[in-house]
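**Q** Mind having a look at this structure? Questions to follow.
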Amino acid sequence: MKKRIAGLVLSAAMAAGLLAGCGGAASSGGMSGEEGKDAEPETTGENTESASSDTAKKPYEGVTITLWGGTTEFNEGFQAVIERATEELGIKFETEINPGGTEGDNIIKTRCASGDLPDLSAYNSGSLLTALNPKEHFLDLTDEGFMQNVDDTFKSVVSQDGRVYGAPFPTTQGGCVIYWKPDYEELGLTVPTTWEDFVANCRKLKDAGKTPVELTCGDTWTTQVLFLGDNYNLISAEPEFAQNFTEGTAKFAETEAAVRSWNKYADIRDFYNADASAATYNDGITAMANGEATHWFMLTQVIPMMVAENPDCADKVGVFAIPGDDPDRCGLTVWEPGAWYVNRDSENKEACLAFLEFWLRKDNMDLYINTFGASGPSCVKGYTLPETVVPAIRVDMQQYFDAGKTIPALEFLTTIKGASCEQITTAAALGQISGAEAAKQYDDDCKKSAMQQGLNWN
Amino acid sequence: MQKGKRRKISLYPIWFVLPALTIFGIFFLYPIVTSFYYSMTVWNFDSAIFCGLENYRMFFSENELSSAVVHTLIYAFSTSMLKVIIAFFIAVFLCSRIRTKDFIRSAVFFPNLVSMMAVGLTFSYLMHPTKGLFNAVLTGLGFAPVDFLGDVRLALGSIIATDVWKGLSVSVVIYIAGIQSIDRNYYEAAEIDGASRGQCLRHITLPLVAPSQNTIIILSLIGGLRSFDLIWAMTSGGPGFATDVMASVIYKQYAYGFYGLSTAGNVIMLLLISVIAFPLQHILRRREEAIV
């Protein structure tokens with residue numbers, strides 16, 4: 001409450017300061033006075049000299065687009081791209097910051113309801129987008145030229161009633177096994193395509209005196225990756241699971257393939273590092289980057305960071321998908337990136353569409369990735385990651401995309417995710433509860449979320 | 001005490017109590033009453049849907065929530081008991097004629113000067129399975145390392161031990177005050193009658209220190225029932241749900257956005273503390289009155 005009041009007071013002060021400072025400067029973005037909003041307009045490339053000489057080349061000179069997004073979206077890569085857009089297209093940008101989390105969700109819902117959306121909003125794909133009822137508020141992008149190359153999996157998580165509403169951010173990420181290649185070479189192991197092979201590899205590594213699996217319970221969220229990343233195996237075995245689960249007819253504890261995901265924790269319990277119960281995410285990064293452990297179930301978002309901190313490991317870490325039971329059906333669970341959504345009632349629709357086309361142009365995606373790094377292949381078909389990206393992403397992860405063997409994580413397929421997921425996966429990982437008990441407990445946990453969303457699950 | 005006097009000369013008009021009562025009403029009574037209503041709804045900041053006793057049913061039927069009630073009781077009773085017993089002997093020792101009394105008294109009181117979060121973090125590092133000091137000592141002595149906070153069976157015990165280490169000092173201070181206020185004549189009389197030191201302790205010190213003991217029991221028990229910070233700093237309720245207590249569970253449900261459920265948890269905690277604390281206080285007071 002205190003924070004909220006402080007937020008209001010601060011944003012009021014900022015708004016007042018802005019009015020006093022900028023005098024009569026024209027601002028197309030309405031001052032909605034929402035807390036946490038960054039009232040500082042961020043205009044880039046205000047080089048009047050070049051502007052006047054190149055007017056002919058810049059089709060959108062004088063247009064200012066308002067953007068809304070979080071600090072994650074507005075990273076260095078994004079900054080580099082919008083600077084170039086101002087130079088080439090003449091579009092100026094005004095950004096407003098999404099404070100993130102539930103607060104951000106409430107802001108965008110309010111702005112949808114009051115018709116006060118910015119021209120472009122950067123927001124999650126999947127269940128959070130569905131909650132906004134996109135067809136009421138956003139421009140239909142299905143037939144736009146720049147969307148034709150976007151892959152269908154991504155389109156499915158920004159669609160409603162078969163129409164597509166979002167243009168993607170550059171890179172996806174995968175929930176997979178990060179592994180230390182030198183250990184595999186040393187023991188002559190091959191990348192496993194079945195869970196059995198994986199466990200066999202772990203046993204060989206253990207016999208050779210290695211730490212086969214890094215587990216980092218010190219940051220409990222990390223333990224979820226094995227379960228969430230196993231979604232490919234679950235959905236490929238039970239294609240209807242997500243839908244039935246949302247309706248309350250399918251349960252984890254009653255679905256064989258789902259219990260299988262939970263049981264995987266028990267299968268590898270002998271292979272953990274000695275400090276598994278206390279190691280943190282950062283301990284995991286250090287252990288993997290130095291070859292102290294061979295496998296780690298982790299999201300590929302860790303790779304750019306790992307390589308930035310330990311440049312030597314760039315060629316030594318690889319990734320593979322969490323194996324299932326059928327070698328021919330081995331694929332990767334993917335977290336789709338967030339997307340840009342165009343305000344349906346914007347006055348600057350043409351400029352917005354031109355910007356999105358610019359955004360998805362190959363050279364601009366290269367610019368973004370070279371500046372910021374990549375956590376996975378792009379969801380634009382035919383786009384190859386630049387050479388600056390490490391082989392773990394550019395080669396190992398890319399192959400699943402090229403073969404079409406990817407399925408989005410469960411949170412993109414249903415609106416329900418258990419809030420205590422990470423506690424349950426930790427308990428399962430440390431052997432506190434069996435796979436079957438964990439599945440049952442997770443069902444109970446999801447029921448709470450369902451109840452909160454007003455779904456009838458009885 | 002001065003009842004007769006007060007009745008004759010009413011010094012202050014009754015409405016002097018109004019400001020305090022208003023504040024008490026707004027900030028204590030009103031929230032308690034509304035929390036009973038909201039605990040029976042699924043609510044967010046826009047709306048509240050009435051759902052009867054569903055939240056309570058869920059709280060007790062779901063393992064991760066109901067186990068928290070059990071952990072809370074184990075935690076509160078064992079920390080309280082250990083503090084009452086251990087602190088008594090330390091206090092007796094510190095009241096005897098020893099030379100370094102003053103120094104030991106300050107040393108015993110020292111843990112209480114450190115903040116709970118700092119204690120929690122320090123002990124979680126000391127108890128680290130591979131890098132912690134405790135395990136370095138254990139392995140140095142030839143024992144197998146112990147995963148104090150990662151082992152489901154040990155985690156709650158490890159936190160209880162830390163809480164006792166930290167909370168002992170206050171109990172010792174209360175006991176010392178109690179012991180010192182005992183009239184020396186009793187001991188002298190007993191000595192003349194040939195009582196041993198053990199008998200003095202059993203039949204003089206123990207009964208006469210009862211008022212201090214009751215204070216310690218009540219304080220440490222209520223403190224234990226609503227403890228949160230130490231557990232949060234050491235394990236955040238983990239591994240899994242092995243050290244989740246009422247307060248940490250309520251906090252988590254609120255953070256997840258299950259406001260109704262978290263309100264129900266608060267009501268349960270309020271009732272639990274009341275049900276334990278009020279009768280206990282009554283019993284202890286009668287014990288006290290019987291002695292004095």
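The values are calculated or read from the model by the stated rules, or taken from the named source; none is laboratory data. Because the structure is a prediction, the values reported are computed rather than measured. As a convention, Cβ positions derive from the backbone with ideal geometry for all residues, glycine included, and neighbour counts pool all protein chains shown.
**Q** Quick one: how many residues across the stretch B:37-75 are among the small types (Gly, Ala, Ser) and either within 30 Å of A:ILE107 (Cβ to Cβ) or surrounded by fewer than 12 Cβ atoms within 10 Å (Cβ to Cβ) (or both)?
**A** Selection size over the stretch B:37-75: 5.
**Q** Okay, next question. What's the total number of residues in the stretch B:59-87 that are within 14 Å of chain A (Cβ to nearest Cβ) and either assigned to a helix (DSSP H, G or I) or modelled with pLDDT of 90 or more (or both)?
**A** Number of matching residues: 10.
**Q** Can I ask one more? Please identify the pairs in which a residue from the stretch A:125-143 that is among the acidic types (Asp, Glu) has its Cβ atom under 7 Å from the Cβ atom of a residue that is at pLDDT 90 or above, counting only partners at least 6 apart or on another chain.
**A** What qualifies is A:ASP140/A:ARG163; A:ASP140/A:TYR165.
**Q** Please go through the stretch A:254-288 and pick out each residue that is away from chain B (no Cβ under 14 Å), under 14 Å from A:GLU214 (Cβ atoms) and without any contact (Cβ under 8 Å) to a residue 60 or more places away in the chain.
**A** Passing the criteria: only A:ILE285.
**Q** Looking at (1) closer than 30 Å to A:ALA450 by Cβ; (2) at pLDDT 90 or above, which one does A:GLY291 not meet, given that it meets all the others?
**A** Unmet for A:GLY291, out of (1) closer than 30 Å to A:ALA450 by Cβ; (2) at pLDDT 90 or above: (1).
**Q** Moving on to the next point. For the condition under 20 Å from the mean Cα position of the chain (by Cα) and within 14 Å of chain A (Cβ to nearest Cβ), what is the one hit in B:SER158, B:SER169?
**A** Step by step, each of B:SER158, B:SER169 is checked, and only B:SER158 is under 20 Å from the mean Cα position of the chain (by Cα) and within 14 Å of chain A (Cβ to nearest Cβ).
**Q** Further, regarding this structure: Collect the residues in the stretch B:113-140 that are more than 15 Å from A:GLY218 (Cα to Cα), of a type in the set (A, V, I, L, M) and assigned to a helix (DSSP H, G or I), keeping them in residue-number order.
**A** B:LEU113, B:MET116, B:MET117, B:ALA118, B:VAL119, B:LEU133, B:ALA136, B:VAL137, B:LEU138, listed by residue number.
**Q** Here is a follow-up. Of the residues that make up the stretch B:143-152, is at least one at negative phi and either in contact with a Lys or Arg (Cβ under 9 Å, 6 or more places away or on another chain) or among the polar types (S, T, N, Q) (or both)?
**A** Taking every residue of the stretch B:143-152 in turn, none turns out to be at negative phi and either in contact with a Lys or Arg (Cβ under 9 Å, 6 or more places away or on another chain) or among the polar types (S, T, N, Q) (or both).
**Q** Just need a number here: residues in the stretch B:250-275 that are aliphatic (A, V, I, L, M), at the interface with chain A (Cβ under 10 Å from one of its Cβ atoms) and in contact (Cβ under 8 Å) with a residue 12 or more places away in the chain.
**A** Residues in the stretch B:250-275 being aliphatic (A, V, I, L, M), at the interface with chain A (Cβ under 10 Å from one of its Cβ atoms) and in contact (Cβ under 8 Å) with a residue 12 or more places away in the chain: 1 in total.
**Q** Scanning the stretch A:214-237 for residues that are under 25 Å from B:MET234 (Cβ atoms) and among the β-branched types (Val, Ile, Thr), which turns out farthest from the other protein chains (Cβ to nearest Cβ)?
**A** Across the stretch A:214-237, the extreme among qualifying residues is A:VAL225.
**Q** Moving to a separate point now. Inspect all residues belonging to the stretch A:328-350 and state whether any of them is within 30 Å of A:ALA293 (Cβ to Cβ), in the same structural domain as A:THR294 (by TED's automatic domain parsing), more than 20 Å from the chain's Cα centre (by Cα) and surrounded by fewer than 21 Cβ atoms within 10 Å (Cβ to Cβ).
**A** Yes: the stretch A:328-350 contains one or more residues that are within 30 Å of A:ALA293 (Cβ to Cβ), in the same structural domain as A:THR294 (by TED's automatic domain parsing), more than 20 Å from the chain's Cα centre (by Cα) and surrounded by fewer than 21 Cβ atoms within 10 Å (Cβ to Cβ).
**Q** Looking for something more than 30 Å from B:SER181 (Cβ to Cβ), away from chain A (no Cβ under 11 Å) and assigned to a helix (DSSP H, G or I) - is there at least one such residue anywhere in the stretch B:210-227?
**A** no
**Q** Does any residue of the stretch A:251-271 turn out to be touching a Phe, Trp or Tyr at 6+ places or on another chain (Cβ under 6 Å), charged (D, E, K, R) and surrounded by fewer than 16 Cβ atoms within 10 Å (Cβ to Cβ)?
**A** For the stretch A:251-271, residues touching a Phe, Trp or Tyr at 6+ places or on another chain (Cβ under 6 Å), charged (D, E, K, R) and surrounded by fewer than 16 Cβ atoms within 10 Å (Cβ to Cβ): absent.
**Q** Right, next: Please enumerate the residues belonging to the stretch B:238-247 that are within 14 Å of B:ILE74 (Cβ to Cβ) and within 10 Å of chain A (Cβ to nearest Cβ).
**A** Of everything in the stretch B:238-247, those that are within 14 Å of B:ILE74 (Cβ to Cβ) and within 10 Å of chain A (Cβ to nearest Cβ) turn out to be B:PHE241, B:ALA242, B:ASP244.
**Q** Looking at the structure I just gave you, is A:THR406 assigned by TED's automatic domain parsing to the domain that holds A:ARG329, crowded, with 22+ Cβ neighbours inside 10 Å and touching a residue at least 12 places away in the same chain (Cβ under 8 Å)?
**A** No: the conditions fail for A:THR406.
**Q** Which of the residues spanning the stretch A:263-285 are more than 23 Å from the chain's Cα centre (by Cα) and in a helix (DSSP H, G or I)?
**A** A:ASN263, A:LYS264, A:TYR265, A:ALA266, A:ASP267, A:ARG269, A:ASP270, A:PHE271
**Q** Taking A:GLU238 and the conditions (1) more than 27 Å from A:ALA253 (Cα to Cα); (2) free of Cβ contacts under 8 Å to residues at least 24 places away in the same chain; (3) under 29 Å from the mean Cα position of the chain (by Cα), which numbered condition does it fall short on, given that it satisfies the others?
**A** (1)
**Q** Failed condition for A:ILE416, given (1) part of a helix (DSSP H, G or I); (2) of a type in the set (Val, Ile, Thr); (3) within 14 Å of another protein chain (Cβ to nearest Cβ), with all others met?
**A** (1)
**Q** Among what's in the stretch A:419-445 and is modelled with pLDDT of 90 or more and farther than 25 Å from B:ASP147 by Cβ, pick the residue that is nearest to the other protein chains (Cβ to nearest Cβ).
**A** So the residue we want is A:LYS440.
**Q** Then there is this: If B:ALA247 satisfies every condition in (1) within 30 Å of A:THR280 (Cβ to Cβ); (2) modelled with pLDDT of 90 or more; (3) touching a helix residue (DSSP H, G or I) at 6+ places or on another chain (Cβ under 6 Å) but one, which is the exception?
**A** Of the numbered conditions (1) within 30 Å of A:THR280 (Cβ to Cβ); (2) modelled with pLDDT of 90 or more; (3) touching a helix residue (DSSP H, G or I) at 6+ places or on another chain (Cβ under 6 Å), the odd one out for B:ALA247 is (3).
**Q** Let me ask something else about it. Just need a number here: residues in the stretch A:371-394 that are of a type outside the set (D, E, K, R), without any contact (Cβ under 8 Å) to a residue 60 or more places away in the chain and either out of contact with any helix residue (DSSP H, G or I) (no Cβ under 7 Å at 6 or more places or on another chain) or in the same structural domain as A:PHE154 (by TED's automatic domain parsing) (or both).
**A** 1
**Q** Can you tell me which of (1) surrounded by fewer than 20 Cβ atoms within 10 Å (Cβ to Cβ); (2) in contact with a strand residue (DSSP E or B) (Cβ under 8 Å, 6 or more places away or on another chain); (3) more than 17 Å from A:GLU292 (Cβ to Cβ) is the one A:TRP221 doesn't meet?
**A** (2)
**Q** Consider the stretch B:228-241. How many of its residues are closer than 19 Å to B:SER262 by Cα and either assigned to a helix (DSSP H, G or I) or at pLDDT 90 or above (or both)?
**A** Here the count works out to 4.
**Q** Please go through (1) within 14 Å of chain B (Cβ to nearest Cβ); (2) at pLDDT 90 or above for A:ALA409 and return the number of the only condition it doesn't satisfy.
**A** Unmet condition: (1).
**Q** To continue, here is another question. Would you mind stating whether B:VAL119 is more than 12 Å from chain A (Cβ to nearest Cβ), surrounded by fewer than 17 Cβ atoms within 10 Å (Cβ to Cβ), under 25 Å from B:LEU225 (Cα atoms) and not acidic (Asp, Glu)?
**A** Spelling it out, it is not the case that B:VAL119 is more than 12 Å from chain A (Cβ to nearest Cβ), surrounded by fewer than 17 Cβ atoms within 10 Å (Cβ to Cβ), under 25 Å from B:LEU225 (Cα atoms) and not acidic (Asp, Glu).
**Q** I've got another one for you. Being in a helix (DSSP H, G or I) and either under 19 Å from B:ALA255 (Cα atoms) or over 25 Å from the mean Cα position of the chain (by Cα) (or both) is the filter here, so list the residues in the stretch A:429-438 that pass it.
**A** A:GLY435, A:ALA436, A:GLU437, A:ALA438
**Q** Can I ask one more? Determine if the stretch B:122-133 includes at least one residue that is facing another protein chain (nearest Cβ under 9 Å), among the hydrophobic types (A, V, I, L, M, F, W, C) and touching a Leu at 6+ places or on another chain (Cβ under 8 Å).
**A** Yes: one or more hits.
**Q** Looking only at the stretch A:289-327, how many residues end up being free of Cβ contacts under 8 Å to residues at least 40 places away in the same chain and in a loop (DSSP other than H, G, I, E, B)?
**A** Qualifying residue count, the stretch A:289-327: 2.
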